[in-house]
Structures are given as C-alpha cells and as structure tokens.
Ligand code: HEC
Ligand code: HEC
C-alpha cells in the first residue's frame with residue numbers, strides 16, 4: 001500500500017510536492033504575515049508564474065465570480081488528470097483537504113498543482129520563482145517556500161461575504177411564514193445533513209449518484225477504497241449566484257435544474273415543485289453581492 005504522500009504524488013503526478021509541505025523550510029528571510037499576504041496577492045494576479053506568460057491564478061479563480069470560473073471543466077496539460085470545474089476559493093478556511101477529491105492535504109502544497117511542467121502553468125516551481133525574481137530586480141529575492149506561504153496567506157484572507165441568511169439566522173424570531181417553511185423544506189429534504197450551516201458543507205465526501213460523464217472516479221483516485229468511487233467533496237452553498245456552473249464537472253449552469261438532478265441522483269425520484277421552490281428560497285438567501293470582492297482586486 002503506497003504511503004499517503006505517495007498516493008497524492010501518484011494522483012497528481014507531482015514530484016516536488018514535499019518542498020511546499022508541512023516540513024518546508026522557513027522562508028529565506030523572516031517575512032511578516034501582512035507582507036506575505038500582499039506578496040501573495042501580487043503572485044495570485046501575476047502571469048509571470050505561467051511558463052507562457054498568459055495565465056494567472058485569477059484567470060480561473062476570478063474574484064468577481066467568487067474566485068471560481070465560468071468554464072465547466074478545465075482540462076490541463078496532464079491527460080491523466082480529470083477535467084474539473086474550478087472551485088470557489090471562498091471556503092478555504094474550513095477545509096482540511098483540497099480539490100474535489102481531497103487529494104491535496106494542505107493549502108501550501110496546493111500551490112504546486114498548477115506549478116508543475118504538466119500543471120496549468122506548465123513550469124517547474126523553481127523556474128517560476130526564478131522568473132519572478134528576475135522580473136523584480138529591486139526587491140528581495142523570494143524562494144519557493146516563501147512563494148507557497150505567500151499564496152497561502154493571501155488565499156486565507158479571502159472571506160465569503162455575509163448573506164441575507166446570516167442576518168436572518170441571528171434573529172430566529174424572524175423565521176416566520178415563508179422563510180420558516182423554506183428552512184423546514186431544506187432540512188426535511190436532507191440538504192442540511194451534508195450542507196450543514198453555517199458553512200453549508202460537512203467537509204466530507206459523498207457519491208451523490210450523478211451519472212458519470214467524464215470517467216472521473218473522484219475520491220477513489222486518492223484512497224483506492226471502493227466506497228469512495230465517484231465521491232466528491234461537499235461544496236458550500238454560499239454565493240451560488242456567482243459560482244456557476246455547478247458540480248465537479250460543471251455540468252449545470254441553472255441552479256434549479258442542478259438541485260433537481262442532484263435530488264434525483266440521491267433519491268431515485270423527483271423533488272416536488274413546492275419543495276424545489278422552498279429550497280430555492282434558502283439558496284437565494286445565501287446569494288452574495290459581487291461588489292463585496294473589490295478589496296481583493298488589485
Ligand atoms: C487553468 C485554470 C486554473 C489555474 C490557472 C489555477 N487553478 Fe486552482 N483550480 C483549478 C481547478 C480546475 C481546480 C480543481 C482541481 C481538482 O479538483 O482536481 C482548482 C483547485 C484549486 C484549489 C482547491 C480549492 C478547494 O476548494 O479545494 C485551490 C486552493 C487553488 N486551485 C488555488 C490556485 C492558485 C493559488 C493558483 C495559482 C498559483 C491556481 N489555483 C491556478 C483551476 C485553475
Ligand atoms: C449526501 C450528502 C448530500 C446531500 C444530502 C445533499 N448534497 Fe448537495 N452536494 C453534495 C456533494 C458531494 C456535491 C458535489 C457533487 C459533485 O460535484 O459531483 C453537492 C453539490 C450540490 C450543489 C452544487 C454546488 C456547486 O457549487 O457545485 C448544489 C446546488 C447542492 N448540492 C444543493 C443541495 C440541496 C438543495 C440538497 C437537498 C435537496 C442537497 N444538496 C443535498 C452532497 C450532498
């Protein structure tokens with residue numbers, strides 16, 4: 001049985017994963033959390049990391065779309081990795097495993113997924129660091145550990161904005177009439193058991209019975225356990241107005257039909273029109289105003 005790290009390396013095809021791991025050496029120079037965060041922001045929006053100078057992290061994690069993208073599924077240069085939808089980066093603070101299959105155990109290591117000759121930036125990580133230093137000759141040079149820690153610090157600073165639901169839930173006495181019925185429908189139809197408030201995820205992986213279109217076996221690729229076949233991480237339901245398309249392969253752009261196909265996959269029957277309308281009210285109370293993201297755009 002390969003070790004956990006070996007499995008991740010196998011799954012992602014990444015050899016340099018350990019260099020940004022928990023054991024990564026300290027940055028070249030001591031850097032404050034504030035300056036790590038602002039360096040991370042510049043790195044996140046820079047196309048210098050990309051071998052071809054075209055893409056930045058923000059090309060696929062767009063601030064105005066909740067740091068997600070409109071492309072259904074990104075197919076990278078590595079044909080062994082399944083094409084997937086770019087997840088929103090709003091929900092990183094309560095995650096312990098990253099990517100749809102949970103195959104990456106830390107946010108610092110996640111940085112090495114695109115920074116790989118077969119990754120989205122088609123570059124060895126050290127070459128990206130060298131390009132950055134060359135482009136900024138008047139700054140203190142950075143090393144790979146600093147790059148990983150800076151991108152982590154910036155991404156951790158991304159917070160999902162408050163929603164109408166948050167204002168509501170603080171004043172339980174306001175849960176009357178339609179709002180109360182909507183919340184009941186959300187609970188009675190089992191949504192809250194996986195999409196548990198206030199984060200609206202249980203941080204776990206489930207096979208929800210969606211038909212497989214892309215040959216992506218989900219968490220099974222990482223654990224090799226039969227029960228993990230077609231299991232994917234439960235996404236948060238906050239900000240769904242901005243993070244379409246939905247599901248690991250971005251198969252659906254319409255929220256109501258996404259809920260219908262999801263329910264059918266799990267229960268083998270149709271969700272009633274009344275329950276759908278009630279559940280949509282809850283999802284709409286979790287919508288986010290995109291102008292809240294201005295502070296994260298350079
Ligand atoms: C070409 C598009 C693309 C680019 C460029 C890109 N990403 Fe991603 N990102 C994705 C996709 C697709 C996934 C989902 C991968 C999976 O599940 O296997 C992802 C996953 C992630 C995740 C995991 C999120 C979660 O909820 O588990 C993080 C964090 C992340 N990317 C950060 C970055 C950073 C930082 C950069 C720049 C260094 C970057 N990405 C560049 C498309 C991209
Ligand atoms: C057994 C756990 C579970 C239950 C119950 C559940 N979900 Fe999900 N939900 C998931 C998982 C896992 C995914 C991701 C599936 C995938 O991409 O293949 C998901 C995806 C979604 C998405 C797409 C979100 C996105 O960003 O891609 C929506 C919307 C959603 N669920 C709403 C609901 C609603 C509404 C209910 C109640 C009718 C519900 N879910 C019940 C686990 C669950």
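The values are calculated or read from the model by the stated rules, or taken from the named source; none is laboratory data. Being a predicted model, the structure only gives us computed values, none of them experimental. Cβ: placed from backbone, ideal geometry, glycine included. Neighbour counts: every protein chain shown.
Is one or more of the residues making up the range 77-87 modelled with pLDDT of 95 or more, in contact with a helix residue (DSSP H, G or I) (Cβ under 8 Å, 6 or more places away or on another chain) and within 16 Å of ligand 2 (Cβ to nearest atom)? Yes: the range 77-87 contains one or more residues that are modelled with pLDDT of 95 or more, in contact with a helix residue (DSSP H, G or I) (Cβ under 8 Å, 6 or more places away or on another chain) and within 16 Å of ligand 2 (Cβ to nearest atom). Could we say that residue 228 is under 20 Å from the mean Cα position of the chain (by Cα), at pLDDT 95 or above and more than 11 Å from ligand 2 (Cβ to nearest atom) here? Taking the combined requirement at face value, the residue satisfies it. When the test is whether a residue is closer than 19 Å to residue 100 by Cβ and surrounded by 19 or more Cβ atoms within 10 Å (Cβ to Cβ), residue 226 does not pass it. Between 113, 129, the distinction of being away from ligand 2 (no atom under 16 Å from the Cβ), crowded, with 18+ Cβ neighbours inside 10 Å and without any contact (Cβ under 8 Å) to a residue 40 or more places away in the chain belongs to 129 only. Report yes if residue 153 is over 30 Å from residue 224 (Cβ atoms), buried (at least 21 other Cβ atoms within 10 Å of the Cβ) and touching a helix residue (DSSP H, G or I) at 6+ places or on another chain (Cβ under 6 Å), otherwise no. Answer is yes for this residue. Of all residues in the range 92-142, exactly one satisfies the criterion of being in a helix (DSSP H, G or I) and touching a strand residue (DSSP E or B) at 6+ places or on another chain (Cβ under 6 Å), namely 110. When the test is whether a residue is in the same structural domain as residue 119 (by TED's automatic domain parsing), out of contact with any strand residue (DSSP E or B) (no Cβ under 6 Å at 6 or more places or on another chain) and either buried (at least 16 other Cβ atoms within 10 Å of the Cβ) or at pLDDT 95 or above (or both), residue 59 passes it. Exactly one residue out of 239, 215 is assigned by TED's automatic domain parsing to the domain that holds residue 275, at pLDDT below 95, under 21 Å from residue 100 (Cβ atoms) and not in a helix (DSSP H, G or I): that is 215.
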